[in-house]
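A short write-up of the structure that comes next.
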Amino acid sequence: MAKGPLPSPGNSVRAGSKQAMDRFQSFHLFVRVVENGSFSQTAKETAISQATVSKQVSELEQFLGVKLIARTTRQLHLTEAGESFYKDAKKLLEEFDHVVSEARSLREKPAGTLRLATAVMFGRRQITPLIPRFRERYPDVIIEHYLSDATTDLVRDGIDLSLKVGGMKDSSYQARRLGATKRVTVAAPSFIEQYGTPNHPTDLARMPCLVFLGQGMPFEWQYRDTTGETITVSVSGGYRADTTEALREAALAGLGVYRAPLSTCGDEILAGELVRLLQDFEPEPVPLYAVMPNSTYLPQKTRVFINFLQEHFRHNRWISPYDAGAAALQDDQED
């Protein structure tokens, strides 16, 4: 009896490899659907059709033999099996990223796209001018810089690194302190000529102040007296904005008293365009953090960027360096 040709071992291996890669892709899509809370958003993010995303997640459920996501017309809910699988799949993907990162690090050339988020003024003043030097040193790292004064959800928005001025409130993220900057109160010379110079924080109650909407209600500024006690002042004025850039322009135009990190208005103070007020009542410097999604591993592209910032912030007149430990991140501390 004639027998057909035996299947080539090479073909079997290739078929198995393709199935494994397809399965791995479905793991990734499932994790992003969970973190985005949306099939359509995941489709936009990955540049594939929503139907393909939905199909791959459905095929993953069939492969596992369990329902992972309970779909309704408006919301997605993880099943008990989905919750468990999400945690394991995310850990697997992180370990995969680490393996790839470590393999690529052998050539000592960090590479990939670093998605960076900063506040508008801090990003424009302190980060964007440094990018040419960073790119010269690490030409294979592409920087995607997202500037916004709104709160950023690192996981949902797929951000690798966020730079935050102020205290850390979300313990679900990991952070590295880069330094500190003072929060100062300023006004234009024309404003002071019209309203006078405040001698005490309570004087601000009778002056128009420029309010940042992102801080939420009530609109209050805090100061510190000579004994270290906190002074809280309710402020108001005829102009409020959701970006610090707009508030800075309003301050330069003489519209009100402005309060901001020194790192975003120091140049205007030096130039005499803004006058620093209430220096005897300034609070302690606020910390500057590099904030990352909580993960066991820190990608090399992120690590070198943080080290680069720490190196340059040591010579920045508006940012006090942070020297705990050995300021710069060492590779063996994060692996």
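Taking every C-alpha pair closer than 8 Å and separated by at least 6 residues, the mean separation divided by the residue count of segment 15-104 gives a relative contact order of 25 percent. The mean sequence separation of alpha-carbon pairs under 8 Å and at least six residues apart, normalised by the residue count of segment 183-281, gives a relative contact order of 45 percent. Between residue 84 and residue 55, full extension at 0.36 nm per residue minus the direct alpha carbon distance yields a gain of 8.4 nm.
Backbone geometry of segment 278-292 corresponds, through the Karplus equation with coefficients 6.51, -1.76 and 1.60 at θ = phi - 60°, to 3J(HN,Hα) couplings of 6, 5, 5, 10, 5, x, 4, x, 8, x, 10, 10, 9, 10, 9 Hz, x marking Gly and Pro. A cut-off of 5 Å between modelled amide H atoms, ignoring neighbours fewer than 5 places along the same chain, links residue 184 with 260, 262. In order along segment 207-213, the Karplus-derived 3J(HN,Hα) couplings, from 6.51 cos²θ - 1.76 cosθ + 1.60 at θ = phi - 60°, round to 10, x, 10, 9, 9, 8, 5 Hz, and Gly and Pro are given as x.
Once you order the gyration tensor axes a ≥ b ≥ c over the Cα atoms, which shape class does segment 225-285 get: rounded for a/c under 1.5, otherwise prolate or oblate by comparing a/b with b/c? Oblate is the answer for segment 225-285, as a/c is 1.5 or above yet b/c matches or exceeds a/b. Amide H contacts under 5 Å for residue 209: 236, 237, 238, 257, restricted to partners 5 or more places along the chain or on a different chain, H placed in the peptide plane at 1.01 Å from N. Database remark: amide H of residue 142 closer than 5 angstrom to the amide H of 112, 113, 114 (H placed geometrically; neighbours at sequence offset of 5 or more, or on other chains; Pro and chain starts carry no H).
Distance between the C-alpha centres of segment 239-305 and segment 58-77: 44 Å, rounded to the whole angstrom.
Around the Cα centre of the chain, unit charges on the Cβ atoms of Lys, Arg, Asp and Glu (plus for the first two, minus for the last two) sum to a dipole of about 1020 debye. Considering the values (i) 66, 44, 35; (ii) 107, 48, 34; (iii) 73, 59, 49, which represents Cα extents along the principal axes in Å as calculated for the structure under consideration? Step by step, Cα extents along the principal axes in Å for this structure corresponds to label (ii).
Derived scalar couplings between HN and Hα for segment 40-52 equal 5, 5, 5, 4, 5, 5, 9, 6, 10, 6, 4, 4, 5 Hz in order, rounded to whole Hz, by the Karplus curve 6.51 cos²θ - 1.76 cosθ + 1.60 (θ = phi - 60°), x for Gly and Pro.
Can you tell me how segment 183-281 classifies by the Cα gyration tensor, rounded, prolate or oblate, using a/c under 1.5 as the rounded cut? The shape class here is rounded.
Pairs of Cα atoms nearer than 8 Å and 6+ residues apart set the relative contact order; for the chain it is 20 percent.
Protection proxy ranking for 77-88, 309-320, using the average of other Cβ atoms within 10 Å per residue and placing the highest first: 309-320, 77-88.
Readers should treat all values here as calculations from the given coordinates under stated rules, not as data from a laboratory. Because the structure is predicted, anything quoted here is derived from the model rather than measured. Every residue, glycine among them, receives a Cβ derived from its backbone with ideal geometry; neighbour counts consider all protein chains shown.
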